[in-house]
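The structure under discussion appears below in the form of structure tokens.
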Amino acid sequence: SKTSPFLDPGLRTSPNTLAIVSLSRDNFQPVTLKQSTGAVDGYAEGATLNTRFGSFPHSTLLDIPWGSQVRASVVDTGSRGRKRRRNEVESEDTPTPSQDEGDDKATPSSLAKVVVASSGFVYILRPTPELWTSSLPHRTQVVYTPDYSYILQRIRARPGSRIIEAGAGSGSFTHASARAVYDGYPRNATDEKGKVFSFEFHKPRYEKMQEEIKNHLLEDIVHITHRDVYRDGFLIDGKSPEATAVFLDLPAPWEALHHLSRRKIQKGGKEDDNDGSWKSPLDPKQSVYICTFSPCIEQVTRTVTEMRTLGWTGIDMVEIAHKRFTVMRERVGVNLPSEKGFNPTPADVSEAVKKLKGDIRRTLDFHKAQQSRPDSEASDSKMDVDEQAPNGSLKPTPNGEGATEVDEEPTFLQGRIVHRTETELKTHTSYLVFAILPPEWDEEAEAAALAKWPCGK
Ligand code: SAM
């Protein structure tokens, strides 16, 4: 069967697969590409993506290498176009924006037709969990990339792992974990390795997730169950998922922890009678790594108490403080004395820069002349340190007389490289609590270990 575009998208875009359209740096739109089978929604070209950067018939997005830049098409929108032309003068290369949306229903004679390429453009990108997180339809709060990349490595998610996840919510974490456990081999539903067992108790969200997992061809990896995990735990049709990793993004993770045990145990740690029907959802032979994701410290406290009671070890908590840095050049080094002192106004700045350029030109000319003298000691000299002002810019001469525009600015004149953190709206996401549940150890396990490793005898 076809592999998910999230796992192996091939080299080029193809019909009926998901693509992520990049409209600008932080604006992504998921689109399932459709082969044209005739007019759709008034467009003769068939399915068309309308954006504020122009119209993109799917035919122009199909069978091209991932990462391609695609120019918008000007579409002749028939009656709707005539209406626009009445109202505004439009140049031939003005992209047709989404103002067509919501317009009157097109008659066959008014079907839109692509006539000429225009200047708006988008990039067409292969789907990745990161891009899906940035573009998915939000049904809940989601786990973002900085958090899930850290979580997945802490819970030891790797090709072949079996992960329990609850609740599924909008599926942001689900997609990232599906890629983490994928081992690169062709798969079918009966494969035991590399699985994500996802649980969601909200029916509409569960149904939407099911549909998305199917559309994204991830059904062989992600098994989604409609369940209240506080009440009913994590078995699948009475069988153990044998998970080695667990991620709980639930309002009350402590309510679910007693199901993630090796023995039948009640909430609060009281041993329960086992009539033999109880099974652990965990891998009996390996340590299990868990992460719970909670926005409030009170939730953390309750979770940690329950973890301790149930025998989890190595408990710790982390908060990911994600910052994005913008690196740019900033025009500085114009700290010149002026009548108004050392804090020049913008007018002073441009004047100072002009002076500085003149100084530099004269200094460069001077050094060039020096170097061209055959007897000069200065022939291999660099710019003298003494000629630099304390902040690293060149020391100015008293006036800028004879200053000429330097055609190509030396790089340092284009400004000093600085970085700033962007104002992040999402500063606090959640507290991540990690813990480990070691396998149970008994005489049988000890004997097996010694048999494997005789030097221990
Ligand atoms: N991790 C998800 C993501 O990245 O998109 C977001 C999860 S959302 C914050 C929490 C989800 O847990 C909600 O969709 C909610 O319906 C579900 N949930 C809450 N209590 C639950 C329970 N007892 N059993 C199963 N799911 C539950």
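Quick notes on this structure:
- Contacts under 9 angstrom Cβ, first residue in the range 15-31 being more than 15 Å from residue 120 (Cα to Cα), partner of a type in the set (Phe, Trp, Tyr) and crowded, with 20+ Cβ neighbours inside 10 Å, 6 or more apart: 18/6; 18/132; 20/28; 20/132; 28/132; 30/132; 31/56
- Residue in the range 178-195 that is among the acidic types (Asp, Glu) and at pLDDT 95 or above present: no
Each row is one residue, and each column tells you yes or no for (1) among the charged types (D, E, K, R); (2) out of contact with any Lys or Arg (no Cβ under 6 Å at 6 or more places or on another chain).
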{"site": "137", "(1), (2)": "no, yes"}
{"site": "142", "(1), (2)": "no, yes"}
{"site": "156", "(1), (2)": "yes, yes"}
{"site": "164", "(1), (2)": "no, yes"}
{"site": "170", "(1), (2)": "no, no"}
{"site": "183", "(1), (2)": "yes, yes"}
{"site": "190", "(1), (2)": "no, yes"}
{"site": "199", "(1), (2)": "no, no"}
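- Filter result for residue 177 (touching a strand residue (DSSP E or B) at 6+ places or on another chain (Cβ under 6 Å), within 14 Å of the ligand (Cβ to nearest atom) and assigned to a helix (DSSP H, G or I)): yes
Here is a yes/no grid of residues against (1) buried (at least 18 other Cβ atoms within 10 Å of the Cβ); (2) within 29 Å of residue 22 (Cβ to Cβ):
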| position | (1), (2) |
| --- | --- |
| 126 | yes, yes |
| 137 | no, yes |
| 153 | no, yes |
| 161 | yes, no |
| 166 | yes, no |
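- Failed condition for residue 244, given (1) within 16 Å of the ligand (Cβ to nearest atom); (2) surrounded by 17 or more Cβ atoms within 10 Å (Cβ to Cβ): (1)
- Pairs with Cβ under 8 Å, 6+ apart, first in the range 184-204 and under 24 Å from residue 282 (Cα atoms) and open to solvent by 70 Å² or more (accessible area, probe 1.4 Å), second part of a strand (DSSP E or B) and within 12 Å of the ligand (Cβ to nearest atom): 201/226
- Checked against the criterion of being under 25 Å from residue 418 (Cβ atoms), at pLDDT below 75 and either under 48 Å from the mean Cα position of the chain (by Cα) or assigned to a loop (DSSP other than H, G, I, E, B) (or both), the range 359-367 has no qualifying residue.
The values are calculated or read from the model by the stated rules, or taken from the named source; none is laboratory data. This structure is a prediction, so every number in the text was calculated from the model and none was measured. Cβ atoms come from the backbone with ideal geometry, glycine included; neighbour counts cover every protein chain shown. Areas reflect the complete protein model, heavy atoms only, side chains present, ligands, DNA and RNA absent. Shrake-Rupley method; radii C 1.70, N 1.55, O 1.52, S 1.80 Å.
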